[in-house]
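Below is one structure, written out as structure tokens; comments come after it.
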Amino acid sequence: MKSLSLGSRVHLLIGLCLALLLLAGWAASGPHPLPSLAWSLGGASVLLLGLALYTAQRILKALDRLTGHLTAAAAGNLDSRITGIKAGAATGELAWAINDLLDQQEAYFREVYSAFEHATRGQTFRLAMDQGLHGAFKEAMVRVNISVESLGQVQMMALKEKLISKLTDLNSGNLLTNLKSIQEYLMNMTQEMSIVGQLSKETAGDAEASRATIEGLVVDLNRVAEMAVASDAQVRLLHEKSDEIHQIVQVITDVADRTNLLALNAAIEAAHAGDAGKGFAVVAEEVRTLSENTKDAAASIAKTLRTFGQATTQMISDSEQVKALAEGSRMAVAEFRTRVLKFAGSATTSFTQMSRAQDLSFATLVKVDHFLYKQNGYRVIHQGTTSPEARAVQADHRSCRLGTWYYEGQGAELFSHVPSYVRLEAPHADVHRNVHEAVAQLNGAWERNPATQSLIYAHFEAAERASETVMATIDRMVEERHRLG
Amino acid sequence: MVKRPLPTQQERVLGEDDFIVSKTDLKGIITYGNRHFIQMSGYSERELLGTPHSILRHPDMPRVVFRLLWDTIQAKREICAYVKNLAKDGSFYWVFANITPSFDRAGDLIGYYSVRRKPRPEAVASISEVYQALLAAERKAGDGQEGMKASLALLNQTLERKGISYEEFVFGL
Ligand SMILES: Cc1cc2nc3c(=O)[nH]c(=O)nc-3n(C[C@H](O)[C@H](O)[C@H](O)COP(=O)(O)O)c2cc1C
């Protein structure tokens, strides 16, 4: 009876029962009535009828149970299953069929749920598994997976977009700050440069004035020399004139001598008398000549003395002029000295100004370079890990331009004595480390992995923070160097 | 409780189009198993119901896999794992198991649901090697907490070297 279905089992029982009843009727009323046999046959059929009724009852109860499970399933509860199914039970096959249906449905829904749930997180590797599902369930799964894949694609794009837009925000925020700081530097530099320009203009003006002063001085000095030559001639003339006076004085002395002799002769002649008239005439002639000579000499003396007076006047006026010239030169030299001093002063100022401008310009340069380094980091996201940008960001904090400046270049040379110098190393290394780590994440499947994406974002954010410190520290270094001198 | 059979080298293979379904309560006690489950495990439904799922545990399985399994499903997440099971007659059968938590209408965890499918032979070959290494690590460090720690570290290290999550690894096999 095991292999019989529940319907045929009841049918068989009822058929058997009817056959027994017929047999009982035949035994009771046939040609050879056998009442005892009829009785027992009747009893057996009643018993069988009872059994049939009992079986029907049990089947009904089992069906009730199955109906309960199916009703629950229809209401959306796929969890319940029929258990304790007896191997030979009439409803066993039906119960297993219901369990199988529920298993198919539940597996289907759970698979769809898991696959979509993963896809919304960008994890498209978790497709819905159709293995073990049958018929319509299996076919539906194929279409589900197409949706899952396209959802994953959309999700992946959305995630990628989200990261990129977040990074763009982060970058452009900092970009503006960076550009502003660079702009400020350039403005400061321009100002410093214009001060230097002003100073050199002044210096040039001073130099021009000094040149005029020197030229004036040279003219003055030339005139002094000319005057010296002129007064030398006057002095020589004076000397000659004094010789002439000497000669004239000699003549006068001669005249005096002769007059003296004549006077002696006249005295002797007077003693001889007699012939007095004749002799006196000669003497008188001599005296006349003498007196003429004396007159000439006196005139010469007067003339010479006049010339002498002229030369003296000239000399006096010349020496006065020389005095004025000397005074003028002295003042010119004093002015020249002030000019030179002022020139030296402005040269010093313009040197300080120039060196500050130079520092600022170099600081700007390393800032720009540092900033470009970060930009390259961002560009790797678009350009990929084999791009030139990716190669560029491999530089560490010692080999990048800022690093070379800091460790061996002008940075070390000019700034190593300021307090902020040592504070630059750590944040600078941090920037490189974070960019390296962010870029390292780009090697994997970052596009569909939100955890990796937040890691990338976190590294870029940390790099930006460290970079802010780098910029501020460079500013402070420049400031400290010029405050400390 | 049924006594443990001695493992043999006999392998049973699940049908390509079939899956094994079983359900457990929160403690891992079997509350339902479909006919494939009954057939592959070799136990009767009566023997299986009310029995811990570990009745199928094969000694070749590293403990860390079940640790990961329980940690994940208790956190209300799904887990997929390759499992070597021990049938009643000592034979073994490989499955790719998917276990998900079940909730009632109020959203409370009420048990676990598991579907097991026939794994690809290549995947079984790869995972067997991983499991052997994990098992060796567990045995070397002693079978207590230390063993678990050692094999968990080895598993994480393996995944880290590949740069992928456990899930990605399992689905990529
Ligand atoms: C739904 C469900 C299905 C499981 N299926 C298996 C299985 O097929 N094979 C197995 O060894 N363990 C299975 N387990 C894990 C066991 O509960 C158990 O943790 C494992 O056999 C290890 O035994 P142990 O915890 O006693 O060491 C299952 C657990 C749950 C919740």
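Summary of computed values
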| read-out | value |
| --- | --- |
| Exclusive hit being surrounded by 16 or more Cβ atoms within 10 Å (Cβ to Cβ), closer than 25 Å to B:G144 by Cβ and either touching a residue at least 60 places away in the same chain (Cβ under 8 Å) or more than 11 Å from the ligand (Cβ to nearest atom) (or both), set B:A81, B:A87 | B:A81 |
| Residue tally, condition within 16 Å of the chain's Cα centre (by Cα) and either more than 10 Å from the ligand (Cβ to nearest atom) or aromatic (F, W, Y) (or both), over the stretch B:60-78 | 10 |
| Filter result for the condition that a residue is within 30 Å of A:K160 (Cβ to Cβ), part of a helix (DSSP H, G or I) and touching an Asp or Glu at 6+ places or on another chain (Cβ under 9 Å), over A:V431, A:V435 | A:V431 |
| Some residue of the stretch B:122-134 being more than 14 Å from chain A (Cβ to nearest Cβ), exposed (fewer than 15 other Cβ atoms within 10 Å of the Cβ) and under 23 Å from B:G28 (Cα atoms) | no |
| Residue selected from the stretch A:385-405 under the condition in a loop (DSSP other than H, G, I, E, B) and without any contact (Cβ under 8 Å) to a residue 24 or more places away in the chain, by the criterion nearest to A:D475 (Cα to Cα) | A:R398 |
| Odd one out for B:D60 among (1) within 14 Å of chain A (Cβ to nearest Cβ); (2) in contact (Cβ under 8 Å) with a residue 24 or more places away in the chain | (1) |
| Within the stretch B:15-26, considering residues that are within 14 Å of the ligand (Cβ to nearest atom) and either within 15 Å of the chain's Cα centre (by Cα) or free of Cβ contacts under 8 Å to residues at least 12 places away in the same chain (or both), the one surrounded by the most Cβ atoms within 10 Å (Cβ to Cβ) | B:I20 |
| Residue in the stretch A:56-71 that is closer than 30 Å to B:R105 by Cα and among the polar types (S, T, N, Q) present | yes |
| Test: residue in the stretch A:270-277 that is modelled with pLDDT under 70, assigned to a helix (DSSP H, G or I) and surrounded by fewer than 11 Cβ atoms within 10 Å (Cβ to Cβ) | yes |
| Pair list, Cβ under 8 Å, 6 or more apart: the stretch B:33-55 residue within 10 Å of chain A (Cβ to nearest Cβ), other residue in a helix (DSSP H, G or I) and near the ligand (Cβ under 10 Å from one of its atoms) | B:G33/B:S41; B:L48/B:F37; B:L48/B:S41; B:L48/B:I55 |
| Residue that is modelled with the highest pLDDT, among those in the stretch A:440-467 that are surrounded by fewer than 16 Cβ atoms within 10 Å (Cβ to Cβ) and within 18 Å of A:H397 (Cβ to Cβ) | A:R465 |
| Tally, over the stretch B:3-24, of residues that are part of a strand (DSSP E or B) and more than 14 Å from every other protein chain (Cβ to nearest Cβ) | 1 |
| Filtered residues of the stretch B:91-105 (kept if within 13 Å of chain A (Cβ to nearest Cβ) and either surrounded by fewer than 22 Cβ atoms within 10 Å (Cβ to Cβ) or near the ligand (Cβ under 10 Å from one of its atoms) (or both)) | B:V95, B:A97, B:N98, B:I99, B:T100, B:P101, B:S102, B:F103, B:D104, B:R105 |
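The values are calculated or read from the model by the stated rules, or taken from the named source; none is laboratory data. From a predicted model like this one, the values you see are computed outputs, not experimental measurements. Here the Cβ is made from the backbone with ideal geometry for all residues, glycine too, and neighbour counts use every protein chain on show.
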